Amino acid sequence: MIDQLGDLLSQLDALRVRAIAELEPITTSTELDEWDVRYLGRNRGELKSLSSVMPKLSKEERPIVGQKINAVKAELERELAARREMLRQRELLQSLEKERIDVTLPGRALPAGHMHPISRTILEVTKIFVEMGFQIVQGPEVETDYYNFQALNIPEDHPARDMQDTFWVAPGEILLRTQTSPMQIRTMKQTQPPIRVVVPGKVYRNEAVDASHEAMFHQIEGLLIDEHCTMGDLKGCLERFAQILFGEKRRVRFRGSYFPFTEPSAEMDIDCPICEGMGCRLCKYSGWLEVLGSGMVHPKVLREVGYDPAKYRGFAFGMGVERIAILKYGISEIRLFSGNDLRFLRQF
């Protein structure tokens, strides 16, 4: 038994020396985990294998071997913990060195954003009318059938509704507004003349999207109500607007048209800024470009909001913001505004 005890103690000493020797060159956490399993593993570790002979020893020998096993195990666990800490510190230093920031280098400038061409156009247009004494108002994009159609002299059976394919929220009652004109009715119901307002905002129509149509686009409506107002005031106001926005040399013309909420009604054109009215592809060789629709407010609309048409009169106009931007900046199609292509947006 003494020879067996001495041999077992020698094996434990040899295991300790060998384990520590193999621990020294380890440089990665993966190799360290493999060493841990090989020597200290609970199921197949070498120290566990030597411990399996304990039942074969005498009562006097078991305490001696058990003490030796515990001492070897404690020493190997200390060496393992020290090596883990050393590897952790080394990996931390390597990571810090790799991610080190040189504070003496110049900072990286963040790209500054700028205004979208649609927002810029809305700002430019509304600024012109504000300088003429108009006030900017905005209204809800979800409207009722009454404000969007009926109060504007467009009853349920009116053919003008066919030109404005509508997104209905509640059929026959609630819809996404097809024009910003409903805010004209809201303003007149809440305010007594004189009134001078412009209404920018989004509108929605069930359009087939192509180079000249979008399902969601922007409009700017204008409304002036006073006791003394004529078609000449309308023409003078819009002519001055066109010359400020498109250039002092721009010529304008008015063509008779039809809108349910104005009478008489007119479309306003400007001479083509590309060909100076000589005719080109942009103006379809006519020399003129359509800009907006306008007219004198219909007496039925005035009566609807409680105004006396014999006392008050006024004019209204409406323009598509995308169309104004296309004319002003020479843009080829409407889809570029919503495409989020930086190559396009960085030009403005």
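For the listed peptides 289-298, 8-17, a ranking on the average number of other beta carbons within 10 Å per residue, highest first, reads 289-298, 8-17.
For the stretch 123-279, the Cα-based Rg and Dmax, in that order, read 16.8, 49 Å.
Look at the dipole of the chain built from charges on Cβ: of Ala215, His228, Gly6, the Cα furthest out on the positive end belongs to His228.
Under a 5 Å amide H cut-off, with hydrogens placed 1.01 Å from N, Gln135 pairs with Arg196, Val197, Val198 among residues at least 5 apart or on other chains.
A Cβ-based charge dipole, computed about the Cα centre of the stretch 2-98 with Lys and Arg at +1 and Asp and Glu at -1, lands at about 320 debye.
Computed from phi, the 3J(HN,Hα) profile of the stretch 79-85 under the Karplus parametrisation 6.51, -1.76, 1.60 (θ = phi - 60°) reads 5, 5, 4, 5, 5, 4, 5 Hz, with x in place of Gly and Pro.
Between the residues Pro200, Phe241, Ser265, the greatest Cα displacement towards the positive end of the dipole of the chain, with unit charges on the Cβ of Lys, Arg, Asp and Glu, is found for Phe241.
Close amide H partners of Ser181, meaning residues 5 or more places away or on another chain with modelled amide H under 5 Å apart, do not exist here. For the peptides 200-211, 172-183, residues were scored by their other Cβ atoms within 10 Å and the scores averaged per peptide; the highest-first order is 172-183, 200-211. Which of Arg120, Arg90, Arg196 ends up with the largest GNM mean-square fluctuation for the chain, with Cα atoms connected below 10 Å? Among Arg120, Arg90, Arg196, the largest mean-square fluctuation in the Gaussian network model of the chain belongs to Arg90. The 3J(HN,Hα) values that the Karplus relation (6.51, -1.76, 1.60; θ = phi - 60°) gives for the stretch 132-138 are, in residue order, 8, x, 7, 10, 8, 10, 9 Hz. Gly and Pro appear as x. Most tightly packed first, judged by the mean number of other beta-carbon atoms within 10 Å of their residues, the peptides 93-105, 136-148 read 136-148, 93-105.
The residues Leu342, Leu87, when put in order of fewest to most other Cβ atoms within 10 Å, stand as Leu342, Leu87. Summarising the amide proton neighbourhood of Cys280: residues at separation of 5 or more, or on other chains, whose placed amide H is nearer than 5 Å comprise Tyr285, Ser286, Gly287.
Taking the Cα centre of the stretch 273-348 as origin, sum charge times position over the Cβ atoms of Lys and Arg (+1) and Asp and Glu (-1), and report the length of that vector in debye to the nearest 20.
On the way: 11 positive and 7 negative charges, 8 e Å.
Result for the stretch 273-348 is approximately 40 debye, rounded to the nearest 20.
Counting only Cβ charges, +1 for Lys and Arg and -1 for Asp and Glu, the dipole size of the stretch 117-345 around its Cα centre is about 620 debye.
Kindly provide the trypsin sites (Lys or Arg not before Pro) of the stretch 235-303 that DSSP labels as loop, not H, G, I, E or B, and whose Cβ sees at most 12 other Cβ atoms within 10 Å. Don't skip to the end; give the middle numbers.
On the way: sites: Lys235, Arg240, Lys249, Arg250, Arg251, Arg253, Arg255, Arg281, Lys284, Lys300, Arg303; in loops: Lys249, Arg250, Arg251, Arg281, Lys284.
Sites meeting the loop and neighbour criteria: Lys249, Arg281, Lys284.
Relative contact order of the stretch 95-251, taken over Cα pairs closer than 8 Å and 6 or more residues apart, is 21 percent.
If we count other beta carbons within 10 Å of each Cβ, what is the order of Phe254, Phe315, fewest first?
Working: Phe254 18, Phe315 23.
Least to most surrounded, the residues fall as Phe254, Phe315.
Here the Karplus curve 6.51 cos²θ - 1.76 cosθ + 1.60, taken at θ = phi - 60°, turns the phi angles of the stretch 100-114 into couplings of 4, 9, 8, 5, 7, 6, x, x, 8, 5, 7, x, 7, x, 8 Hz, with x standing for Gly and Pro. Spin-label model, Glu99 to Gln192: label points 7 Å out along the Cα-to-beta-carbon direction sit 7.0 nm apart. Extending 7 Å from the Cα toward the beta-carbon at both Asp33 and Gln138 defines two label points whose distance is 5.6 nm.
Taking the beta-carbon count within 10 Å as an exposure proxy, list Trp168, Trp288 from fewest neighbours to most. Provide the component values of the computation, followed by the final result.
Working: Trp168 12, Trp288 18.
Fewest-to-most Cβ neighbours within 10 Å comes out as Trp168, Trp288.
Read-outs throughout are calculated quantities, based only on the coordinates presented, and are distinct from any laboratory measurement. Every value quoted in this text rests on a predicted model; they were computed, and no experiment measured them. Neighbour counts are summed over all protein chains in view; Cβ atoms, including those assigned to glycine, are modelled from backbone coordinates with ideal geometry.
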